[in-house]
Amino acid sequence: MLDQAAKEIREKAYAPYSGFKVGAALRAANGEIFAGVNVENAAYPEGTCAEAGAIAAMVAGGEREITEVYVIADSPRPVPPCGGCRQKIAEFAKPEVKVTLATTRGAEMTYTVAELLPGAFVPADMD
Ligand code: THU
């Protein structure tokens, strides 16, 4: 389900500069699925990642907790999220939440949020 959502939305990515389309889908605590794509920009640093899009959709949809993530791209290995996206996911997901990374050719690797970003700085660090 999450995999299908990520695969389908990936086609809608706006990646004219890199040519590298990414789709991300996440499940929120209420069971709803939110998805996003990378959206590039002629001013390159203004581009946003697929994970950021999915998270923005989730928050705009009123949800605040991620229970599962799936990211897919046409990459040689299951697409590794950038450092910034690992931090963005950690903001809304418990350390044990599963993040599956995939290629369009069918390879998959599943990690936990803690494995992707050990020792993440999280909201509780400001208590
Ligand atoms: N990208 C993502 O959207 N998510 C990832 O996990 C890896 C990289 C995007 C950013 C940029 O639009 C393109 O892939 C190439 O870096």
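Would you say GLU65 is near the ligand (Cβ under 8 Å from one of its atoms), of a type outside the set (A, V, I, L, M, F, W, C), open to solvent by less than 70 Å² (accessible area, probe 1.4 Å) and in contact with a strand residue (DSSP E or B) (Cβ under 9 Å, 6 or more places away or on another chain)? Break it down into steps so the answer makes sense when it comes.
Values: near the ligand (Cβ under 8 Å from one of its atoms): no; of a type outside the set (A, V, I, L, M, F, W, C): yes; open to solvent by less than 70 Å² (accessible area, probe 1.4 Å): yes; in contact with a strand residue (DSSP E or B) (Cβ under 9 Å, 6 or more places away or on another chain): yes.
Judged against the criteria, GLU65 is not a match.
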Within segment 74-90, can one find any residue that is of a type in the set (Gly, Ala, Ser) and over 14 Å from the mean Cα position of the chain (by Cα)? yes
Any residue at all in segment 90-101 that is outside any strand (DSSP E or B), open to solvent by less than 60 Å² (accessible area, probe 1.4 Å) and under 20 Å from ALA6 (Cβ atoms)? yes
Within the bounds of segment 24-33, is there any residue that is more than 14 Å from ASP3 (Cα to Cα) and within 9 Å of the ligand (Cβ to nearest atom)? no
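Could you check segment 68-89 and list, in sequence order, the residues that are closer than 14 Å to LEU116 by Cα and either open to solvent by 40 Å² or more (accessible area, probe 1.4 Å) or of a type in the set (A, V, I, L, M, F, W, C) (or both)? Can you show your working first?
Pass one, segment 68-89, residues closer than 14 Å to LEU116 by Cα: 68-71, 78-89.
Matches in segment 68-89: GLU68, VAL69, VAL71, VAL79, PRO80, CYS82, GLY83, CYS85, ARG86, GLN87, LYS88, ILE89.
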If a residue must be without any contact (Cβ under 8 Å) to a residue 12 or more places away in the chain, open to solvent by 90 Å² or more (accessible area, probe 1.4 Å) and part of a loop (DSSP other than H, G, I, E, B), how many such residues does segment 106-127 contain? 2
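When you scan segment 9-54, how many residues do you find that are in a helix (DSSP H, G or I) and either surrounded by 20 or more Cβ atoms within 10 Å (Cβ to Cβ) or in contact (Cβ under 8 Å) with a residue 24 or more places away in the chain (or both)?
Adding up the residues that qualify gives 8.
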Being outside any helix (DSSP H, G or I), basic (Lys, Arg) and more than 15 Å from LYS7 (Cα to Cα), is that true of even one residue in segment 57-68? yes
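The values are calculated or read from the model by the stated rules, or taken from the named source; none is laboratory data. Predicted model only: the values in this text are computed from it and were never measured. As a convention, Cβ positions derive from the backbone with ideal geometry for all residues, glycine included, and neighbour counts pool all protein chains shown. Note: accessible area is taken over every heavy atom of the protein model, side chains too, but ligands, DNA and RNA are not part of it. Shrake-Rupley method; radii C 1.70, N 1.55, O 1.52, S 1.80 Å.
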